[in-house]
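> Okay, handing you the structure first.
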Amino acid sequence: MEDIGSIEIYNEVVQLKDLFQRRLLDDKVKLQVINELTTKLDDLRLMPLCREIVLLLDRLEKNSDCSENTSLNMVDFITSIYEELLAIFGHYGLEQVETSLVYNYASQRIISTVQDDETPDMMVAKSLRRGYKLNGTLLRPEEVVIVMNQGEGENAEPECG
């Protein structure tokens, strides 16, 4: 009799152990999902603010260009504010999009084209505005001018297939 009772108790303990392990695993998965959703929610809350800050960064960067009417001290001051804002928001995941020499549709927007026989097509001739990402999500693409040369076959009729 004792052997049967011991076996039943042992089986119940094994079942309870399995139940506890499954619940602990479920709790870990739930906690991971909650953390991921919290991060995404934080990103969504930061996104509108960062879009506005990007516009401010544009103005600061544009005004930091040294011109005849701007004193060197003012240029240094504006540049330091620009760099400080980038550093502050960098802690929250705001980063500049890397400028690509070859047009990248995923991170760049074509504003206009130029012709340059010395340069291959689809090369970036000039960057007009920087692009920005927030935690890897594109906030604003870099605005660029690309090279687009007129090829021999450009005026040809398209083939119907």
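> Does residue 95 count as more than 30 Å from residue 150 (Cα to Cα) and either surrounded by 15 or more Cβ atoms within 10 Å (Cβ to Cβ) or in contact (Cβ under 8 Å) with a residue 60 or more places away in the chain (or both)?
Numbers: more than 30 Å from residue 150 (Cα to Cα): yes; either surrounded by 15 or more Cβ atoms within 10 Å (Cβ to Cβ) or in contact (Cβ under 8 Å) with a residue 60 or more places away in the chain (or both): yes.
Yes.
> Scan the range 39-49 and give yes if some residue there is in contact with a helix residue (DSSP H, G or I) (Cβ under 8 Å, 6 or more places away or on another chain), part of a helix (DSSP H, G or I) and under 15 Å from residue 140 (Cβ atoms), otherwise no.
From the range 39-49, those in contact with a helix residue (DSSP H, G or I) (Cβ under 8 Å, 6 or more places away or on another chain) are none; that's our starting set.
Taking every residue of the range 39-49 in turn, none turns out to be in contact with a helix residue (DSSP H, G or I) (Cβ under 8 Å, 6 or more places away or on another chain), part of a helix (DSSP H, G or I) and under 15 Å from residue 140 (Cβ atoms).
> Among (1) modelled with pLDDT of 90 or more; (2) surrounded by 16 or more Cβ atoms within 10 Å (Cβ to Cβ), where does residue 89 come up short?
(1)
The values are calculated or read from the model by the stated rules, or taken from the named source; none is laboratory data. Note that this is a predicted model, so its numbers are computed, not measured. Glycine also receives a Cβ, built like all others from the backbone with ideal geometry; neighbour counts cover every protein chain displayed.
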